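Only one structure is covered here, and it is reproduced in the block below.
The values are calculated or read from the model by the stated rules, or taken from the named source; none is laboratory data. This one's a predicted model, so the numbers in the text were calculated from it and none came from an experiment. Every residue, glycine among them, receives a Cβ derived from its backbone with ideal geometry; neighbour counts consider all protein chains shown. The protein model used for the area step is the full one, side chains on, heavy atoms only, and it has no ligands, DNA or RNA in it. Shrake-Rupley method; radii C 1.70, N 1.55, O 1.52, S 1.80 Å.
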Amino acid sequence: MRAVSPPHPNLSDRVNSNIIESEIEGGVYLPDRPPKATLEVRTQNHVYTIVYHGEGRVLIWGHPEFCPAPVQVKIAGSNWGGSMLKAAFIGRGMHLEFRHPRYQRPIITSRILNIQEVCA
């Protein structure tokens, strides 16, 4: 379990608040997961299945347009609905951001409601 980060003196109160809130709400740092770890990520609009393959690379599916079948993508991390990204992190209350090989811009999900590790 990671400790909650202290506020950073060079960041705004809003940014520090978002960082601390994400640590309290919880989430998953992908580098902490073993290869082939499987996560179910429930957002406001969809339920994604993510299989971790290391270095931010995952197989993901669960979106009817972008990934109806498993596709390998690169997880950038999660954001709070803006441009600030918490890298390699999938966090409750945040938006998952990933790079899809067929799209130039990153895919950003609706707000994450729950993250659950699936036992294989």
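Counting heavy atoms of the protein chains alone, Ser83 has an accessible area of about 120 Å² for a 1.4 Å probe.
Between rounded, prolate and oblate, where does segment 54-120 land on the alpha carbon gyration tensor, with a ≥ b ≥ c its root eigenvalues, rounded for a/c under 1.5, else prolate if a/b exceeds b/c? Cα axes put segment 54-120 in the rounded bin. Among Tyr52, Tyr29, Tyr103, the order of accessible area from largest down is Tyr103, Tyr29, Tyr52, computed with a 1.4 Å probe on protein heavy atoms. For segment 47-120, GluC sites (Glu not before Pro) are listed when DSSP marks them as loop and at most 15 other Cβ atoms sit within 10 Å of their Cβ; the list is Glu55, Glu65.
Atom-type composition of the exposed protein surface of segment 69-120 places 51 percent of the accessible area on carbon and sulfur (1.4 angstrom probe). Largest first, the residues Met84, Met94 sort by 1.4 Å accessible area into Met84, Met94. Under 5 Å between amide hydrogens, built in the peptide plane, is the criterion, and for Cys67 it picks out Gly62 among residues at least 5 positions away or on other chains. Each residue of segment 32-42 was assigned a 3J(HN,Hα) from its phi angle through the Karplus curve 6.51 cos²θ - 1.76 cosθ + 1.60 (θ = phi - 60°); the sequence is 7, 8, x, x, 6, 4, 10, 10, 10, 10, 9 Hz, with glycine and proline shown as x.
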